[in-house]
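The values are calculated or read from the model by the stated rules, or taken from the named source; none is laboratory data. Since we're looking at a predicted model, the values are computed, not measured. Note: ideal-geometry Cβ built from the backbone for every residue, glycine included; neighbour counts use all protein chains shown. Keep in mind that these areas ignore ligands, DNA and RNA; they rest on the heavy atoms of the full protein, side chains included. Shrake-Rupley method; radii C 1.70, N 1.55, O 1.52, S 1.80 Å.
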Amino acid sequence: MAAAKSRIPYTDLRDPSNMPEEDFRRYIEAAREVSTGTMRIVPRTIRDIPAIHAAISKAGTTFRAGKPALAVVDYAQLVRAPGKSRLDQMVEVSIGLKQMAGLLEIPIIALCQLSRDIGKRDDKRPQLSDIKETGQFENDADQVIFCHREAYWLQRQGPTPSKDGTITDQAKLEWQADIKAVENVMELIVRKNRHGPLATAEVGFHDATNRFWELKPRSAG
């Protein structure tokens, strides 16, 4: 959050001693502002549903409203639950998170891992079937929203080689142009929405600082 606020890459924040004085001042100011926010981080050692429920309830007592406005689980496949198999455990996690949201009367965002098979497809945009380990998350969720960055995949794909396997200068230029066209753009893809329509929205995103911003609509031309 301090990186997003100061616009200084968070890799640089790991070693402030080597940071230019101007950047260091911006970092300190951003960190001070972030520290006053009403956010609590539950220790990563708390990993089962009852313990997470208790931790969220306890954190809520420190807020003026008596409960948090939102809880984020990072990430769902790390939550522990009883079950003979991994599938049984993840089913219990999904059902437990859904019940917890109802009991706490707050929205819960559960981040999920996706299958690595996405990288083998031509279209890398995630589908509901890409949610790793169980379809129960898809069944229980009110909304499922995927993040997709075309630039991420283009950078890893590289220029398209010719039939003889060589990469021409023209191919490099076209590859660089393709990346530039989608650089700092993230698609938010709504694949499930129990209370509304399905849609895709584009937002600005800078991965080095984890910063998001609203994009102006692209011109039709």
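A few points about this structure:
- Largest to smallest in accessible area, the residues Met1, Met100, Met39 fall in the order Met1, Met39, Met100 (1.4 Å probe, all protein chains included).
- Helix 86-104 and the long axis of the chain differ in direction by around 70°, with both axes built from C-alpha atoms.
- Alpha-carbon Rg with Dmax, taken over region 131-221, Å: 17.3, 52
- Taking every protein chain into account, the accessible area of the chain amounts to 69 square angstrom per residue (probe 1.4 Å).
- Computed [θ] at 222 nm, helices only, for the chain once each DSSP H run of length n ≥ 4 contributes -39500 (n - 2.57): -11000 deg cm²/dmol
- Violating pairs (Cα-Cα greater than 30 angstrom) within the set Lys124/Lys163; Lys5/Lys132; Lys67/Lys192; Lys5/Lys58; Lys5/Lys67: Lys5/Lys132
- Solvent-accessible surface ranking, highest first, for Cys112, Cys147 at 1.4 angstrom: Cys147, Cys112
- Net charge of Cβ neighbours under 13 Å - reference Ala2; Lys, Arg +1; Asp, Glu -1: +3
- Using the Cβ of Leu154 as centre and a radius below 15 Å, the other residues enclosed give a net charge of -1, where K and R count +1 and D and E count -1.
- Dipole magnitude of region 168-221, debye to nearest 20 (Cβ charges: Lys/Arg +1, Asp/Glu -1, about Cα centre): 360 debye
- Solution diffusion estimate, µm²/s, Stokes-Einstein, region 62-133, Kirkwood Rh from C-alpha pairs, 25 °C, viscosity 0.890 mPa s: 174 µm²/s
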